[in-house]
Amino acid sequence: MSQDSAYTSVKILPKAFKMFSFHGRNLDFGGGKWDKATVYLKNNHNCENLVYDPYNRTEEHNKEVANRVQTEGVDSITCLNVLNVIKNKDERHELLRNISNAMYSSHLIGHITPIIIFQVYEGDKTANKDIQNCMKTKEYIPEIQEVFPSWSIKRKGNVIIVFQAEHCRTWEHISHPYVAI
């Protein structure tokens with residue numbers, strides 16, 4: 001992942017957090033240096049948010065989060081406004097594999113992680129191309145499908161939802177026991 005991502009951490013609440021109803025424990029992959037999402041999820045959804053970010057959190061913090069994911073599992077994973085700041089496709093693939101591994105760790109202990117939520121900042125083609133890809137959201141879907149070939153993928157605007165169909169209640173609107181849109 002580009003170290004430039006440390007410079008793109010902004011003190012805002014990504015809109016995807018307001019689009020879903022979270023429960024239990026969420027792994028916020030690349031969650032930045034601010035705790036705005038953590039406070040929001042706790043206060044509005046009674047959901048614990050575990051932030052893992054190698055560029056904006058300490059090594060000790062990230063190790064503790066990784067250990068909790070392996071021992072306690074998570075109910076959802078978010079990766080918001082991260083893919084768009086990773087210039088190299090191989091590095092984006094590595095990030096997606098790490099998310100897959102976190103989900104798999106949860107499954108190993110019997111904890112189902114049935115949904116992963118990505119949000120992409122597309123930019124307007126005038127953005128700083130040194131730190132933004134300015135790719136359309138749909139351009140990331142093949143990369144995600146490569147790592148999650150048996151999962152269902154839906155896009156709503158700049159949000160990509162990756163979910164296990166057998167855990168969904170309905171197909172028209174993703175309605176899930178853990179996360180609903």
statement: Given unit charges at Cβ for Lys, Arg (+) and Asp, Glu (-), the dipole magnitude of region 69-147 about its Cα centre in debye, nearest 20, is 220
statement: Answer in debye to the nearest 20: the dipole magnitude of region 9-144 about its Cα centre, from +1 Lys/Arg and -1 Asp/Glu charges placed on Cβ, is 380
message: I need the trypsin sites (Lys or Arg not before Pro) found in region 77-127, filtered to DSSP loop residues with at most 13 other beta carbons within 10 Å of theirs.
response: LYS125
query: Between ASN62, VAL82, ASN49, whose Cα lies farthest towards the positive end of the dipole of region 26-115 when Lys and Arg beta carbons carry +1 and Asp and Glu beta carbons carry -1, centred on the Cα centre?
result: VAL82
task: Would you tell me the accessible area of PHE17, worked out with a 1.4 angstrom probe on the heavy atoms of the protein chains, in Å² to the nearest 10?
output: 0
query: Mean separation of Cα pairs under 8 Å and 6+ residues apart, divided by the residue count of region 5-76: what relative contact order is that in percent?
result: 35
- prompt: How would TYR104, TYR140, TYR40 line up by accessible area, probe 1.4 Å, largest first?
  reply: TYR104, TYR40, TYR140
- line: So for region 54-108, using the alpha carbon gyration tensor with a ≥ b ≥ c as root eigenvalues (a/c under 1.5 gives rounded; past that, a/b versus b/c decides prolate or oblate), I'd call it oblate
message: Take HIS107 and GLU139, extend 7 Å from each Cα along the Cα→Cβ direction, and tell me the distance between the two endpoints in nm.
response: 3.0
Cβ-Cβ FRET estimate between SER152 and GLU60, R0 fixed at 41 Å, reported to 0.05: 0.65
Too-long pairs where the Cα-Cα distance tops 19 Å, listed order kept, from LYS89/LYS156; LYS15/LYS42; LYS33/LYS63; LYS15/LYS154; LYS89/LYS136; LYS33/LYS156: LYS89/LYS156; LYS33/LYS156
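The values are calculated or read from the model by the stated rules, or taken from the named source; none is laboratory data. Keep in mind the model is a prediction, meaning the values are calculated, not measured. Virtual Cβ from ideal backbone geometry, glycine too; neighbours counted across all protein chains shown. Keep in mind that these areas ignore ligands, DNA and RNA; they rest on the heavy atoms of the full protein, side chains included. Shrake-Rupley method; radii C 1.70, N 1.55, O 1.52, S 1.80 Å.
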